[in-house]
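Here's the structure we're looking at; comments come further down.
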Amino acid sequence: MLNTKKGFAGLLLGSLLLTSACGSTGNGGNEGASSSPEGQPSAAGASSPAAPSETPAAQAPVTIEFWYGLGGKLGENMQTLIDKFNASQQEVIVKPVVQADYSETGKKLQAAIASGDVPAAVLSSNIEWARKGYYAPLDDLIASSPDFNASDVIPTFLEQGKVDGKQYFLPMYGTTQVMYYSKEVLEKNGIKAEDLTTWEALGEAAAKMTVKSGGKTTFYGWEPMWGADNMIDATLSRGGSILSDDGKTVTIDSPEWIDTWEQFRKWIHEDQIMRIHYGGQGWEYWYKTIDDVMKGNAAGYTGSSGDQGDLDFTKIAAMEQPGWEGMGPGKPVASAIQAGIPAKASPEQQQAAFKWFSFFMSPENTAFWSMNTGYIAVRQSALEDPAFVEFSSRNPQSTIPLKQAAHASEPFQDPTGGKINDALKIAADKVQISNIPAAEALKEAQETAQRELDKLK
């Protein structure tokens, strides 16, 4: 689930948007150094002291692997910043190791942790793994780095990386799901984007823009993205919640959930004015959805703020997710994509990884990432970057994620270690793919999730 409401007003003011083998040796050039017990020099070392005129050998850079699951333009921009970092200094070399998506990164990291042969840096976070000691806490590294300036990081994003009061993860960029549409298709059908402020209005517009031939849809009015995320967003916008206020009851079978998910099921399967691309390798389903709009097979889709680097905004425009009639603006989740350092990485590698993360999060580089990807900059001072200021004035779509983030929902922290989220994913597939009524799918999901929550008592 994509991961707030609190603190986003400040975010909006603070930023207009925004491979070698595992466990590469990072020994700071000390590999092969030898000493005898009790810290005394070895016999070989003692017999030939260095002459006063000799100078120590230059310390070799620490080489680390950085694991991440980004494709397309995102992957290209990540490589650009890695190259920039490697060229900017001589202490650390970052070697990229690319996976198909975030999920694959997590799976491979799990295997690496089990084997003890870990990368030093990963674009991944897992609260339960942090509690189990699989990730290294970063507080000491932050405290010993006066140039990091944690107070400049968007507070709500930094907070999402804390586990039990300790900072285990750092926000690389912020994200939220927004709406992208074909300007030509809306204009052709006499529809104005500023009128699509509710899901009811979007449904009516999607029906108007849909084209059918021989009983089959040949052009779709809208394409939600596969998965639970944007249906959860729509449910939160309707006043739904995942847990009761006391945290003891799973509430995903409430009327707010059932009514919202059933509406999506009808749009997809009965009215056939919306379509879901699903399955495939990695982000294949995601890019198929984007391509439908870019190639004139659909009027619009719901996607990540990070899609902006893949879109042609001479043809496409962006708008915020709608709310529901009588419920005010939408309340979709806004979250930080975070990075962490495995605890089994050596101290030298941990310091090198933190140096890389700090570089990526600098005002100039977080602004670069935001301008080139559409993701939200994580530093308030990104506003001051001249290139960023100029870019946002020429590209108004870049401000949509921030405007939406100003009234976003907080990301859900699953107390069961992901079991509630898993139940929702299964239910979403039943509704989106298998055409199972929402009440049935969500009731089963609630019972499964409740059993897992009860185990914590």
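The values are calculated or read from the model by the stated rules, or taken from the named source; none is laboratory data. The model shown is predicted, which means the values in this text are computed figures rather than measured ones. Cβ sites come from the backbone with ideal geometry, for glycine too, and all protein chains shown count toward neighbours. Quick note on the areas: whole protein, heavy atoms, side chains included, nothing else; ligands and nucleic acids left out. Shrake-Rupley method; radii C 1.70, N 1.55, O 1.52, S 1.80 Å.
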Helices (runs of 4 or more DSSP H) contained entirely in the stretch 346-457, each with at least 2 residues that are farther than 28 Å from residue 303 by Cβ: 347-360, 438-454
Pairing a residue in the stretch 313-328 that is closer than 15 Å to residue 232 by Cα with any residue that is open to solvent by 20 Å² or more (accessible area, probe 1.4 Å) and among the hydroxyl-bearing types (Ser, Thr, Tyr), where Cβ atoms lie under 8 Å and the two sit 6 or more apart in sequence or on different chains, gives 322/197; 322/198; 323/197; 323/198; 324/198
Find the residue count for the stretch 364-382, including only residues that are open to solvent by 40 Å² or more (accessible area, probe 1.4 Å) and either of a type in the set (Phe, Trp, Tyr) or at pLDDT 95 or above (or both). 2
Just to be sure, is residue 57 modelled with pLDDT of 95 or more and loosely packed, with under 14 Cβ neighbours inside 10 Å? no
Can you find a residue that is part of a loop (DSSP other than H, G, I, E, B), open to solvent by 20 Å² or more (accessible area, probe 1.4 Å) and under 30 Å from residue 120 (Cα atoms) anywhere in the stretch 321-333? no
Of the conditions (1) out of contact with any His (no Cβ under 6 Å at 6 or more places or on another chain); (2) part of a helix (DSSP H, G or I); (3) surrounded by fewer than 20 Cβ atoms within 10 Å (Cβ to Cβ), residue 314 fails just one. Which one is it? (2)
Six or more apart or on different chains, Cβ atoms under 6 Å: show the pairs whose first residue is in the stretch 380-391 and of a type outside the set (Gly, Ala, Ser) and whose second is at pLDDT 90 or above and surrounded by 13 or more Cβ atoms within 10 Å (Cβ to Cβ). 380/152; 385/363; 385/364; 385/367; 388/367; 391/371
I need a count of the residues in the stretch 94-112 that are in a helix (DSSP H, G or I) and charged (D, E, K, R). 3
Is there a residue being open to solvent by 20 Å² or more (accessible area, probe 1.4 Å), more than 30 Å from residue 74 (Cβ to Cβ), more than 27 Å from the chain's Cα centre (by Cα) and modelled with pLDDT of 95 or more anywhere in the stretch 219-240? no
Look through the stretch 383-419, keep the residues that are under 19 Å from the mean Cα position of the chain (by Cα) and open to solvent by less than 10 Å² (accessible area, probe 1.4 Å), and return whichever of them is modelled with the lowest pLDDT. 402
Options 180, 168: the member that is open to solvent by 20 Å² or more (accessible area, probe 1.4 Å) and within 30 Å of the chain's Cα centre (by Cα): 168
Those residues of the stretch 250-291 which are of a type in the set (S, T, N, Q) and surrounded by fewer than 16 Cβ atoms within 10 Å (Cβ to Cβ) amount to 281
Residue list for the stretch 69-95, restricted to those being surrounded by 13 or more Cβ atoms within 10 Å (Cβ to Cβ), among the polar types (S, T, N, Q) and touching a Pro at 6+ places or on another chain (Cβ under 7 Å): 79
Here's a check for you: in the stretch 133-161, which residue that is at pLDDT 95 or above and charged (D, E, K, R) is surrounded by the fewest Cβ atoms within 10 Å (Cβ to Cβ)? 140
Only one of (1) over 18 Å from residue 123 (Cα atoms); (2) touching a helix residue (DSSP H, G or I) at 6+ places or on another chain (Cβ under 8 Å) does not apply to residue 390, and that is (2)
